[in-house]
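Q: Dropping the structure in here first, questions after.
Read-outs: derived from the displayed coordinates by stated rules, not from any lab. Here the structure is a predicted model, which means the values were calculated and not measured.
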Amino acid sequence: MIMGDGFPFDILFLGLVAAFLILQLRRVLGRRTGHEKPPPDIFSRNTVDEEEKEGNVIQLPEGDYEPINDVEPSADDAAKEDPPRRTDDEEAIAGLKEIQAANKNFDADDFLQGASAAFEMIIETFAAGDKSTLRPLLSDDVYDDFTSAIKAREDSGEILENSLVGLKKVEILEAGLDGRIATLTVKFVSEQISVTCDAKGEVIDGDPEHIVQMIDIWTFSRNLRSRDPNWTLVETRSQN
């Protein structure tokens, strides 16, 4: 239909309708940017579902282990966990301030919450032999160490049945900034029940009725210019 001096008002009307429909679709479906599935941000508070924190875990190398008692853990014991601590070390405090100055979004409390979640996630996925989940959380060297341990376990046919009772203490030992690279070293004191069984299912190490205290010191690193909010585990060591 042509009106007036020949201006195609019907075409203009159809164009406006099409534009409206496109805007509505974008509002509902969103735009594709090539980054629709970013890495999970476990270093921000309240990003880990409580159910994901439960389950079996495994003893990692480089820890100091000390028996605590011979009784089954109770829900009351787990509820008495100490809250994460920042640090009392003056050098570490200075390092935290340096990182904060370089990245205004950095918060030590949020980092410790995320580090605790990462600790549980890494231990759990290591126990499950889930290499694909471990890969983005670990540096190349640490990943090689972990996968070697997984392979040795699989080759021997051993089964490790470990349960995390709770994190008793989490604190920052060291903090520093080298150019864009921030590093934070964290001490984890956890309580776990660790049992190793052979291929026949017979216990060859540990006791299902013994709670074991485990002390792990992990160093995390992150390029503060990176869009990835997660820190990478670059080193694990014992307290001594």
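Q: Classify segment 100-153: rounded, prolate or oblate, from the alpha-carbon gyration tensor (a ≥ b ≥ c, eigenvalue square roots; a/c under 1.5 rounded; otherwise prolate if a/b is larger than b/c)? The partial results should precede the final answer.
A: Numbers: a/c = 3.75, a/b = 2.23, b/c = 1.68.
Here segment 100-153 falls in the prolate category.
Q: Considering only Cα-Cα distances, which of the following residue pairs are longer than 25 Å: Lys169/Lys200; Lys104/Lys168; Lys97/Lys169?
A: Where the Cα-Cα span goes over 25 Å, the pairs concerned are Lys169/Lys200; Lys104/Lys168.
Q: Apply the a/c threshold of 1.5 to the C-alpha gyration tensor of segment 134-240 and tell me whether it is rounded, prolate or oblate.
A: oblate
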